[in-house]
There are 2 protein chains.
Amino acid sequence: MGTTDPASPMGRGHTDLDVVLDEVLAARRAERTVMSTSADRAARVVREQVVEGHLRSGTRLPEERLAAALGVSRNTLREALSQLVAERILVREPHRGVVVATPEVADVEDVYRVRRLVEPAALAHGTGHTPARVAAVAAAVTEGREAGARGDWDAVASANQHFHRAVVALAGSPRLDAQMHLLLAEMRLFFHQMGEPRRFHQPYLEENATIADLLGAGDRQGAADRLDTYLTAAQTQLVAAFRDRA
Amino acid sequence: MGTTDPASPMGRGHTDLDVVLDEVLAARRAERTVMSTSADRAARVVREQVVEGHLRSGTRLPEERLAAALGVSRNTLREALSQLVAERILVREPHRGVVVATPEVADVEDVYRVRRLVEPAALAHGTGHTPARVAAVAAAVTEGREAGARGDWDAVASANQHFHRAVVALAGSPRLDAQMHLLLAEMRLFFHQMGEPRRFHQPYLEENATIADLLGAGDRQGAADRLDTYLTAAQTQLVAAFRDRA
DNA sequence: CCCTAAGGATTGTTCAACAATTCTTCAATA
DNA sequence: TATTGAAGAATTGTTGAACAATCCTTAGGG
């Protein structure tokens, strides 16, 4: 995208410049948003530690020590914690502090209730089925297969998430994407609390492939139906495992 | 629900007590959550002012003055603002402060994208269709009709929101309910920015009634289809009005 | 008319403190 | 022994003041 545009008409001679400047300003603003504030960085670190399973469900997060560990003040930390509470990753118990959320069976069921409503609908009726997004679904499938072939189960789990995010992305909605991001973070909490078996995700690789194929062939409703039954099965399996282990 | 249970077996004699005590503790905790902290109260006040249209899109919220007005410290206020930013009601521009979100056409379209995916699905495939919830949908219809009969257009708008919340509630998902709550708050921002005509919602009263009837008759798919076309129409009307006025 | 620099205003962040509440300990008591 | 109660410690909720960093405004200088 030509950032320089010297061949502008000299008559009024400022419209193009303004356009370029606005572009530059927007870019800088976006950049800055990435670096963002200390509070955001702190939130990202804590979020990551929880999602990666290094902070397990139920652990309390004392403000003073945590702030010291993160190198921020207690006030700044509290801003970060507010964010994570809003994301359902942490829970605030008034006057008792924040703890890593400990999901119950009802939470597992509710997350799947949402997923079963949203994901098949995105496949069947999504208004954002661009070739690129359809390709992204297929890409997640091959990513998963390759990971499975080399026995990298963490990568398989990752690819599985990518698959479901790609499915939701077919709706073409930033808001749904954000919501799905939160749901998948919660899912990782489930897995950690129930002691996820290493190969938990493997059986679903082929299901993902089937769905991607149906989607590629233009059979949206078929893909949606398949995903619905698949999600139902996954839910019952997950709830059963959850009841045993947690 | 018998809160006292003196006829418990004396043999081990503590299980029931524990149950009751847990119940009491949970109740107290819920109570406390309602009173909640200063930050939450501040957030609620600002949220209300925005949703009610007293703080219009684009207005900046200087921390010092706002904190003074709310009677809280600047740090506490910042916690509250973090919440509202997470809810998309406010937008934070780094080093420039928070402003009331100014939705664009893309936002209107995206909100409707989500609604058209979720609401019909809740009608057609929702797993929470209890008689009480179905009745709530019908109740929202009569609420709207009565409000319309006496020309109270604010109440009509309110009833319309209740209708759509009741529809989503048919999914039986707390998470979807919360999400819908946010979306409807955003919708009110749209209306305020485009200068909502007083009688905007009236035409949809009869559509709501039709959908409630279909639902009551057990024709879920019919109700869902009807709602889908209705939402599409509402979207185009809204986008057109939005383009003109905003 | 455009550019630049100084000055003012606002945000991002820290620190130190204090009241309110919860948790802990530990002795006294039935 | 198990329960109660109260003093004391620890943590949260909240405040106020401060300071650097950044943004905005405005007044000159080219």
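Bear in mind these aren't lab numbers, they're just calculated from the coordinates by the rules spelled out. Being a predicted model, the structure only gives us computed values, none of them experimental. Because the Cβ atoms are built from the backbone with ideal geometry, glycine has one as well, and the counts that use them run over all protein chains shown.
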| request: Return the residue satisfying two criteria in turn: it lies in region A:35-53 and is more than 12 Å from DNA strand C (Cβ to nearest atom) and part of a loop (DSSP other than H, G, I, E, B), and of such residues it is surrounded by the most Cβ atoms within 10 Å (Cβ to Cβ). | output: A:GLY53
| message | Taking the conditions exactly as written (away from every other protein chain (no Cβ under 14 Å), in contact (Cβ under 8 Å) with a residue 60 or more places away in the chain and hydrophobic (A, V, I, L, M, F, W, C)), does A:LEU205 satisfy them or not? | response | yes
| Only one of B:ALA212, B:ALA157 is under 24 Å from B:GLU109 (Cβ atoms) and among the small types (Gly, Ala, Ser); which? | B:ALA157
| request: Could you tell me whether region A:162-173 includes any residue that is among the hydroxyl-bearing types (Ser, Thr, Tyr) and under 30 Å from B:MET180 (Cα atoms)? | output: yes
| query | Among (1) at the interface with another protein chain (Cβ under 10 Å from one of its Cβ atoms); (2) outside any loop (DSSP other than H, G, I, E, B); (3) surrounded by fewer than 16 Cβ atoms within 10 Å (Cβ to Cβ), which single condition is A:ALA121 missing? | reply | (3)
| Selected residue (criterion: surrounded by the most Cβ atoms within 10 Å (Cβ to Cβ)) from residues of region B:217-246 that are touching a residue at least 24 places away in the same chain (Cβ under 8 Å) and basic (Lys, Arg) | B:ARG220
| query | Which residue, of A:ARG74, A:ARG116, A:ARG133, A:ARG56, is in contact with an Asp or Glu (Cβ under 9 Å, 6 or more places away or on another chain), among the basic types (Lys, Arg) and away from DNA strand C (no atom under 16 Å from the Cβ)? | reply | A:ARG116
| When region A:45-88 is examined, which residues are found to be within 14 Å of chain B (Cβ to nearest Cβ), farther than 12 Å from A:ALA185 by Cβ and not hydrophobic (A, V, I, L, M, F, W, C)? | A:GLU63, A:SER73, A:ARG74, A:ASN75, A:THR76, A:ARG78, A:GLU79, A:SER82, A:GLN83
| field | Unmet criterion (only one of (1) closer than 19 Å to A:ASP107 by Cβ; (2) touching a helix residue (DSSP H, G or I) at 6+ places or on another chain (Cβ under 9 Å)) for A:ALA169 | value | (1)
| Looking only at region A:82-118, and only at residues there that are charged (D, E, K, R) and part of a helix (DSSP H, G or I), the one that is farthest from DNA strand D (Cβ to nearest atom) | A:ARG116
| task | Would you mind telling me which numbered condition in (1) exposed (fewer than 14 other Cβ atoms within 10 Å of the Cβ); (2) more than 9 Å from every other protein chain (Cβ to nearest Cβ) B:HIS95 fails? | result | (2)
